[in-house]
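The values are calculated or read from the model by the stated rules, or taken from the named source; none is laboratory data. Note that the structure is predicted; figures quoted are calculated from it, not measured. Positions of Cβ are backbone-derived with ideal geometry, glycine not excepted, and every protein chain shown enters the neighbour counts. Please note that ligands, DNA and RNA were not included when accessible areas were found on the heavy atoms of the full protein model with its side chains. Shrake-Rupley method; radii C 1.70, N 1.55, O 1.52, S 1.80 Å.
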Amino acid sequence: MEPSLSCEQCEDLLADYALQALTPQEAEPVAVHLATCPRCQASLAAYEDTLTRLAQAVPQYSPPPALWRRLRRRLPAPPLVSRPRRGRRALAVAAGVVLLLGAAWGAWQAQREVVRLRQQWQVLRSELEVQRRALAFLTLPEVRQVSLRSDGGRARGVLLWHPEATQAVLIVQDLPPLAPDRVYQLWLLWDGKRDNGGIFRVDARGFGLLEVHAPKPLAAYQAAGITAEPAGGSPGPTSPRLLGGRL
Amino acid sequence: MAEMAPPDAALLARIAQRDGQALELLYHRYGRQVFSLARAMLGDQAQAAELTQEVFLLVWCSAGTYRPTGSALAWLLRLTRNRAIDLLRRRRRQRRGQPRGNELPLAAGADAAEQRAVRDAVAALPPEQRQALWLAFFQGMSHQEIAAYLQIPLGTVKARIRRALQALRQRLQ
């Protein structure tokens with residue numbers, strides 16, 4: 001566990017943190033402090049704003065005209081489709097409010113809905129926190145990316161990792177949602193052995209995000225794979241590999 | 001009535017849902033800034049184009065992880081700079097080369113008021129702070145690399161960069 005920083009110590013490191021000039025080991029306690037300190041968050045935002053303006057002050061050139069067409073061809077499957085399925089959770093929240101206000105439903109029913117929404121809110125909040133940390137990790141210099149592919153299926157994933165860090169981020173797409181008693185498990189392979197990289201679930205669209213905490217720095221591993229396992233995970237894979245890739 | 005352009009956060013939410021049209025809108029909105037920063041850092045048109053593609057592919061794959069604390073452009077430019085730093089560090093490892101140029105690559109003509117303000121703020125920095133900032137920000141050199149390159153103590157490098165950023169922050173506020 002890293003010792004916690006004071007605001008003064010954090011402030012001393014913020015310019016370098018904004019420049020991403022800190023090593024992952026140096027950056028971690030800063031990120032931990034920032035997560036709960038609005039004052040240092042505001043200070044970091046001011047540094048980042050300065051750097052963004054510096055980055056925008058370079059001479060401006062238009063990209064080659066054909067660049068978008070080339071980029072479009074490189075987009076991974078599935079092809080470009082629009083799936084406007086937003087607002088389901090917002091609707092659930094609105095429904096919860098309506099239930100509370102609508103006396104016709106009875107107080108007991110409203111109370112039950114409040115509990116459900118509170119649980120849902122807690123889940124969303126922890127998901128957001130994981131996404132925030134994943135995004136912070138993504139901005140570290142020298143983060144590498146390895147594609148995880150399935151043997152013939154449309155499921156795919158990407159593992160973002162830093163050779164010196166034990167933390168990594170896994171993003172998967174189009175993995176089928178599992179029954180409640182099953183989870184996906186990430187395996188990290190080294191010298192013919194496997195380490196548990198963590199367990200995760202995917203949403204109804206097959207999207208999943210895992211904050212990986214490996215036992216060793218990621219440079220020690222040669223490959224990664226994903227299998228479906230019983231809830232809670234397994235000591236070793238008990239089903240065929242669904243996604244895999246070499247680091 | 002003219003249709004309102006969707007805000008960045010809405011575009012990123014649509015990209016997370018695999019909406020290619022939203023990615024195209026985001027590209028046409030910010031592709032120029034991404035490409036220009038890549039070109040300023042790498043000094044090469046073809047590599048800047050390749051890096052621009054990489055950045056938008058990364059956005060396509062990770063828009064779901066975007067958390068709207070800063071602007072989408074700030075996020076894109078951060079991704080661009082990080083990817084460019086990776087390339088520059090690889091170049092230095094392979095060729096053992098020196099950093100290219102010796103000055104912050106800011107727009108010489110500086111027509112827009114915003115660009116002029118940044119350029120004036122940078123020009124007001126002492127030359128040694130400008131140089132340290134250029135090496136750290138546009139060349140992606142670590143503090144240790146800068147100390148070795150300039151043959152000055154590590155603490156001096158850190159102090160110069162920190163003072164340069166603090167001064168810029170104050171002048172641009």
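What to note about this one:
- Test result for B:Gln131, at the interface with chain A (Cβ under 9 Å from one of its Cβ atoms), closer than 25 Å to A:Gln60 by Cα and modelled with pLDDT of 80 or more: no
Yes/no matrix, rows are residues, columns are (1) in the same structural domain as B:Gln131 (by TED's automatic domain parsing); (2) surrounded by fewer than 20 Cβ atoms within 10 Å (Cβ to Cβ); (3) at pLDDT 90 or above:
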{"position": "B:Thr52", "(1), (2), (3)": "no, no, yes"}
{"position": "B:Ser62", "(1), (2), (3)": "no, no, no"}
{"position": "B:Arg78", "(1), (2), (3)": "no, no, no"}
{"position": "B:Ala108", "(1), (2), (3)": "yes, yes, no"}
{"position": "B:Glu114", "(1), (2), (3)": "yes, yes, no"}
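- Yes/no for B:Leu23 being under 13 Å from B:Arg83 (Cβ atoms), more than 7 Å from every other protein chain (Cβ to nearest Cβ), touching a residue at least 12 places away in the same chain (Cβ under 8 Å) and of a type outside the set (Lys, Arg): no
- Restricting attention to region B:34-44, the residues that are surrounded by fewer than 23 Cβ atoms within 10 Å (Cβ to Cβ) and at pLDDT 95 or above total 0.
- Taking each residue of region A:1-22 that is more than 13 Å from B:Ser142 (Cα to Cα) and assigned to a loop (DSSP other than H, G, I, E, B) and looking for partners that are at pLDDT 80 or above and among the β-branched types (Val, Ile, Thr) with beta-carbon atoms closer than 7 Å, six or more apart or interchain, yields A:Glu2/A:Val32; A:Ser4/A:Val32; A:Leu5/A:Val30.
Every residue, every condition in (1) modelled with pLDDT of 90 or more; (2) open to solvent by 50 Å² or more (accessible area, probe 1.4 Å); (3) farther than 18 Å from A:Gly232 by Cα, yes or no:
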site: A:Ala165; (1), (2), (3): no, no, yes
site: A:Ala168; (1), (2), (3): no, no, yes
site: A:Arg182; (1), (2), (3): no, yes, no
site: A:Lys193; (1), (2), (3): no, yes, yes
site: A:Arg201; (1), (2), (3): no, yes, no
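- Residue check for B:Arg171: surrounded by fewer than 16 Cβ atoms within 10 Å (Cβ to Cβ), basic (Lys, Arg) and either under 23 Å from B:Arg83 (Cβ atoms) or out of contact with any helix residue (DSSP H, G or I) (no Cβ under 7 Å at 6 or more places or on another chain) (or both): no
- Qualifying residue in region B:152-160 (condition: hydrophobic (A, V, I, L, M, F, W, C), buried (at least 16 other Cβ atoms within 10 Å of the Cβ), at pLDDT 90 or above and under 18 Å from B:Met41 (Cβ atoms)): no
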